[in-house]
Ligand SMILES: *Cc1c(COP(=O)(O)O)cnc(C)c1O
């Protein structure tokens, strides 16, 4: 094979834009050039009409009203708007926010900023599967608590939280419930009103739409939720997010929502079979493979596996010219840090560094999964063949008892 095909198993980083989405967007670059805020001529009306259709498609996917959809530039901005916007709006009521250690950086870094602005933030632990403890959550709520922020599904492990149970606790104590649902929307049913979520962030480019567009759902009735705008200007989006709407991208996200609504179930059924095959065959071909996450509550397209005694970044180098996946290590300026999500699950540095996240998608084929199984099997075996640690492990030496020299 001179030029093997490239296989994309990194859909949690971003999904390809569905060709049907691209097609829907195209007229809005040239043929319909209007600004959706231009209320006084047909070009503006056409743009506004297109935005209104998209708003309806997105509202329909998540079971909310069109007026509850606030367009942003993506999930990062929606997370920032929800957290900082609620903090500013409700700070006379209280300054305490509860979130979880395994949240996305868009939530954690917003919380860190809120702490600098005088807020207090509790970061809950998770169990080995990545689920938070409901009793710990309830015990953390106090008089000053204004918001609980829990992601619907985790981007690294695919673990899904018990959203209804968390919503019930928030309701009982009268605190707002916000969710970063970026990894769940369009792939599993995510109806915020059914589980008591009052604010929900998600993005176009993780649901086969374009990059650079996202949504914050803000509940309008019972309770009427308000957030302080973080971007000021023309008062767009009911004053919560100013800025000229990105009409082509919004049209694309709307189309992506309509496709997701129609095809979500069949997509999930097909892709979870491929995911299970990948998992089963890798575990059959190789020793010492560990699943990270919650096998009973997880996204249909994700698996996170640790290949013990194999360093994930090195493993990726054996095939990453052809296959895209993610590893459980994050490159910081000076070193390779183990994923904070996997550490929060209780993995040691070694298992965290040896983890690989496979995220399949709508366009993943069985042939690609077969090629990935072959490449991973070969790569892991090759690295273990070269590894003195693996040799010691095979000889039955208790590696935890070995005293490694510091020098
Ligand atoms: C990708 C992602 C984000 C960031 O979304 P952008 O639209 O790229 O800003 C936030 N949260 C989660 C869980 C994500 O997976």
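The values are calculated or read from the model by the stated rules, or taken from the named source; none is laboratory data. This is a predicted model, so every value here is computed, not measured. For neighbour counting, all protein chains shown are included, and Cβ atoms are generated from backbone atoms with ideal geometry for every residue, glycine included.
Laid out as a table, the results:
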{"item": "Unique residue being crowded, with 20+ Cβ neighbours inside 10 Å and away from the ligand (no atom under 15 Å from the Cβ) when the list is 88, 56, 68", "result": "68"}
{"item": "Residue check, residue 223 outside any helix (DSSP H, G or I), more than 16 Å from the ligand (Cβ to nearest atom) and at pLDDT 95 or above", "result": "yes"}
{"item": "Segments classed as helices (runs of 4 or more DSSP H), wholly inside segment 341-407, with at least 1 members that are under 30 Å from the mean Cα position of the chain (by Cα)", "result": "349-353, 366-385"}
{"item": "Test result for residue 182, touching a strand residue (DSSP E or B) at 6+ places or on another chain (Cβ under 6 Å) and either assigned to a strand (DSSP E or B) or within 19 Å of residue 54 (Cβ to Cβ) (or both)", "result": "yes"}
{"item": "Residue within segment 129-137 that is in contact with a helix residue (DSSP H, G or I) (Cβ under 8 Å, 6 or more places away or on another chain), in a helix (DSSP H, G or I) and within 25 Å of residue 94 (Cα to Cα) present", "result": "yes"}
{"item": "Segment 387-398 residues that are free of Cβ contacts under 8 Å to residues at least 40 places away in the same chain, paired with ones that are in a helix (DSSP H, G or I) (beta carbon under 7 Å, 6 or more apart)", "result": "392/399"}
{"item": "Index of the failed condition, residue 319 passing every other in (1) touching a helix residue (DSSP H, G or I) at 6+ places or on another chain (Cβ under 8 Å); (2) surrounded by 18 or more Cβ atoms within 10 Å (Cβ to Cβ); (3) outside any loop (DSSP other than H, G, I, E, B)", "result": "(3)"}
{"item": "Positions within segment 34-59 being out of contact with any strand residue (DSSP E or B) (no Cβ under 9 Å at 6 or more places or on another chain) and free of Cβ contacts under 8 Å to residues at least 12 places away in the same chain, in sequence order", "result": "38, 39, 40, 41, 42, 43, 44, 45, 49"}
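Per-residue answers, yes or no, for (1) part of a loop (DSSP other than H, G, I, E, B); (2) free of Cβ contacts under 8 Å to residues at least 40 places away in the same chain; (3) within 16 Å of the ligand (Cβ to nearest atom):
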site: 5; (1), (2), (3): yes, no, no
site: 14; (1), (2), (3): yes, no, yes
site: 76; (1), (2), (3): no, no, yes
site: 98; (1), (2), (3): no, no, no
